[in-house]
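These notes concern the structure reproduced below.
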Amino acid sequence: MPADRLLNRTVLITGASSGIGLACAQQFAQAGANLILAARRQQRLQELTPQLQQAGAGKVHCLGLDVCDRTAVSQAIDALPPEWQTIDVLVNNAGLSRGLDKQQEADIQDWEEMIDTNVKGLLYVTRAVVPGMVKRQQGHVINIGSVAGRQTYAGGSVYCATKAAVKALSEGLKIDLLGTPLRVTNIEPGLVETEFSQVRFHGDNDRAASVYQGMTPLTADDIADAVIYAATRPPHVNISEIFLLPTDQSAATLVHRR
Ligand code: NDP
Ligand code: 8X3
């Protein structure tokens, strides 16, 4: 892998305090990148910093940030110290699901949270970061979509709609950036064991564990591998999409359990 393509590059990862975002931070650190880590749990980010530096990160900058807060997002990006302004790779990973209920019965607050985070939050960060990339004529936006953006499943329609939006926004950004050297990638994983299901089921850990029972899910590191692959292609290669499923999963709702 031509990992030296990431040496001293600046990478902003949203949702870096857990799961896929944290695994991406670890793998970008191993490749010698400088990391801007964003999440609401800033203390977690600070606790992770020494291990990322030990893994090889150039420098690490922690941002306590709620991506749903439009003003906070633009202010946080504008207020980055000069040495952190040159963002080369943006990993739009912050996201969540809430509930698994029929549309006619679901809690509307769950919808607000998913739409605000997965769609509007991703857009706010993109809108704040991409103009600088265009100005510098360099940059790569990597969005974390999902199998849920390709296939709708029972009780998941709003989460699925947000990930279908990520797919449309990724395609649309690439269209709008045509004629620039900027690249856009949508990574679409199937089941990955992280804190995702604990968040979906509002802390019901038994229900969360049952999602992965009897099957081997993807790990956060598997997704980070795909992100690093996309980020390390030569500049003329744009990996538009990577759709990856566990071997035990063949579609959103088709899972082989032993
Ligand atoms: P985790 O719950 O482990 O991680 C989610 C991350 O997003 C956390 O770091 C969390 O940080 C952050 N986050 C959530 N809301 C906000 C917010 N408002 N502002 C800033 N950060 C936020 O789940 P995953 O790692 O699994 O999820 C990462 C992404 O991958 C999501 O977009 C998810 O939809 C997607 N995905 C997950 C799959 C899976 O099966 N796990 C499969 C396909 C896609 P904090 O709470 O500190 O703010
Ligand atoms: C997360 C994977 O199948 O729970 O996007 O939607 S799934």
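Here, each number is a calculation from the coordinates, and none is a lab measurement. Remember, it's a predicted structure, so these values are computed and weren't measured experimentally. Virtual Cβ from ideal backbone geometry, glycine too; neighbours counted across all protein chains shown.
Here are a few things to note about the model shown:
- ³J(HN,Hα) computed for each position of region 15-28 - Karplus, 6.51 cos²θ - 1.76 cosθ + 1.60, integer Hz, glycine/proline x: x, 8, 7, 7, x, 5, x, 5, 4, 4, 4, 5, 6, 5
- Sequence ranges 140-152, 232-244, 60-72, ranked by mean other-Cβ count within 10 angstrom, highest first: 140-152, 60-72, 232-244
- Karplus 3J(HN,Hα) series, Hz, for region 52-65 with 6.51 cos²θ - 1.76 cosθ + 1.60 (x for Gly, Pro): 6, 5, 5, 6, x, 4, x, 10, 10, 10, 9, 10, x, 8
- Within the chain, helix-based [θ] at 222 nm, where runs of 4 or more DSSP H residues each add -39,500 (n - 2.57), nearest 500: -12000 deg cm²/dmol
- Virtual paramagnetic centre 7 Å along Cα→Cβ of SER250, amide N under 18 Å, in region 172-202: 190-191
- When region 10-242 is described by a simple charge dipole with +1 on each Lys and Arg Cβ and -1 on each Asp and Glu Cβ, the residue from GLY21, TYR212, SER170 located farthest towards its positive end is SER170.
- The count of lysine pairs in the chain whose Cα atoms are under 28 Å apart, excluding pairs fewer than 8 places apart on the same chain, comes to 11.
- Rounded FRET efficiency, nearest 0.05, which uses the C-beta distance separating THR232 from GLN103 and R0 of 41 Å: 0.50
- Spacing of the two label points (7 Å from each Cα toward its C-beta) at SER74 and ARG127, in nm: 0.7
- Under the Karplus curve 6.51 cos²θ - 1.76 cosθ + 1.60, θ = phi - 60°, whole-Hz ³J(HN,Hα) for region 222-234, x wherever Gly or Pro sits: 4, 6, 4, 4, 5, 5, 5, 4, 4, 6, 10, 6, x
- Highest mean packing first, where packing is the average number of other Cβ atoms within 10 Å per residue, the peptides 117-124, 217-224 line up as 117-124, 217-224.
- Here the chain is assigned +1 on the Cβ of each Lys and Arg and -1 on the Cβ of each Asp and Glu. Its dipole about the Cα centre then comes out at about 580 debye.
- DSSP bridge pairs, the chain: antiparallel proportion in percent, nearest 5: 5
- Cα-only Debye scattering, the chain: base-10 log of I(q)/I(0) at q = 0.09, 0.12, 0.16, 0.17 Å⁻¹: -0.37, -0.67, -1.23, -1.39
- Each Lys or Arg adds one and each Asp or Glu takes one away; over the other residues whose Cβ falls under 11 Å from the Cβ of GLY19, this sums to -3.
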